[in-house]
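A short worksheet on the structure shown next.
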Amino acid sequence: MNTRYSAVDSNPLSIYVMHPFWNFVVKFLPTWLAPNLITFTGFMFLVLNFLMLAFYDFDFNASSAGHQHVPSWVWVAAGIFNFLAYTLDGVDGKQARRTNSSTPLGELFDHGLDSWACVFFVATVYSIFGRGESGVGVVTLYYILWVVLFSFILSHWEKYNTGILFLPWGYDISQVTISLVYLVTAAVGVETWYQPVIFHLLYRDLFTFMIIACSFTVTLPMSLYNVLKGYRNNTLKHSSLYEGLLPFLSPFLLFVLSTIWVIYSPSNILELQPRIFYLMVGTAFANVTCKLIVCQMSNTRCQPLSILLLPMTAVVVLAITRVFTNETLLLYLWTAAVVLAHIHYGVSVVKQLSNHFSIFAFSLKKPNSD
């Protein structure tokens, strides 16, 4: 198992603002507090946000006219929880170095939960803009979610090929922006976001533009540049183009399968159950990504096909051919299966790494200590 962790963070916001803030915050944490517990707590704040907004706005209609709006205190809580999650994600690594407890388990825990967190913060912030007449459609958000997922896996594709994790600039900018948007929404109401900023351009259009622009004008070019630089310096870990692009195969197939379901759904499943569909896609993506992270840490070859995609193919066929007549029930059953399978995978890997390194996942005590 390769225990060397190499990451590059060149974002000015992160370097000049967030890192000094995180260095300040970590001093207040007790030295007995395990970094993985910090990571997990931050992740649970995002899950809490997702569940909280699911309770008040399950179908993303609360921001539409004629519907009961989300209470202001929920937006305040969402903003605080999102910033706490972002802060804890920033200090966990500093706590690991401070307590001399950095391990590959921490890397998997951090980035593995980050991959799952993508769907939670994207689906939660969507409640602000909604899917009313002037909102962001559920199909549009489906593709926006995939842009975010694509941006995330780009960084890990870089590390798979270069051995170095180049942290994307868009992450810090988006997290600070989302936290502020929640708080502003609590003060001015969701109606403000439906006002034109200039000409006929709405705030929700800026939201969509910001995500797409960060991905395709910043993250993607920088990723390609870093890999190209590794190729020119002859430092890439994989010599062939096929091996280098292998990490994209399973995410691409997942995108194809889920998109086929969206397009050919007999009951228009994305309009009926957008939140559950996003959760299913985001969790399946996280499972694929976690396996890639394990390959990075162990310097092993990325498997071409995730086993999860085989039953998903059958599920999609059952749905679009109407063999399983209750499509909503089929989605719920498959989503539950994906979530349970991912949790089982995560727990199994954490146990194996904990045993291998003779550590506890959530404690700095050693297993053989009194």
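Please treat every number below as a calculation from the coordinates, not as lab data. All figures in this text were calculated on a predicted structure; none of them were measured in a lab.
Values computed for the structure shown
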item: In sequence order, calculated HN-Hα J values of the range 325-342 (Karplus, 6.51, -1.76, 1.60; Hz; x Gly/Pro); result: 5, 8, 5, 5, 4, 4, 4, 4, 5, 5, 4, 4, 5, 5, 4, 5, 5, 5
item: Shape of the range 221-370, Cα gyration tensor, a/c cut at 1.5; result: oblate
item: Taking the chain and dividing mean pair separation by its residue count, relative contact order in percent (alpha carbons under 8 Å, at least six apart); result: 23
item: Proximal lysines to K237, defined as alpha-carbon separation beneath 26 angstrom and excluding residues fewer than eight positions away on the same chain; result: K159, K229, K291
item: Cut-off under 5 Å, modelled amide H: who pairs with L165 long-range; result: S6, A7, V8
item: Whole-Hz ³J(HN,Hα) from phi, Karplus 6.51 cos²θ - 1.76 cosθ + 1.60, for the range 268-281, glycine and proline x; result: 6, 4, 5, 6, 6, 9, x, 5, 5, 5, 4, 4, 4, 5
item: Karplus (6.51, -1.76, 1.60) ³J(HN,Hα), θ = phi - 60°, over the range 238-254, in Hz, Gly and Pro reported as x; result: 10, 7, 8, 5, 4, 5, x, 8, 4, x, 7, 5, 5, x, 5, 5, 4
item: Amide H partners (placed H, <5 Å) of L202, local residues excluded; result: V197
item: Most mobile of Y345, Y126, Y278 in a GNM of the chain (Cα contacts under 10 Å); result: Y345
item: Residue-averaged 222 nm ellipticity for the chain, from DSSP H runs of 4+ at -39500 (n - 2.57), nearest 500; result: -22500 deg cm²/dmol
item: Shape call, the range 122-281: gyration tensor on alpha carbons, a/c limit 1.5; result: oblate
item: Distance between the range 143-169 and the range 228-256 - C-alpha centres, whole angstrom; result: 12
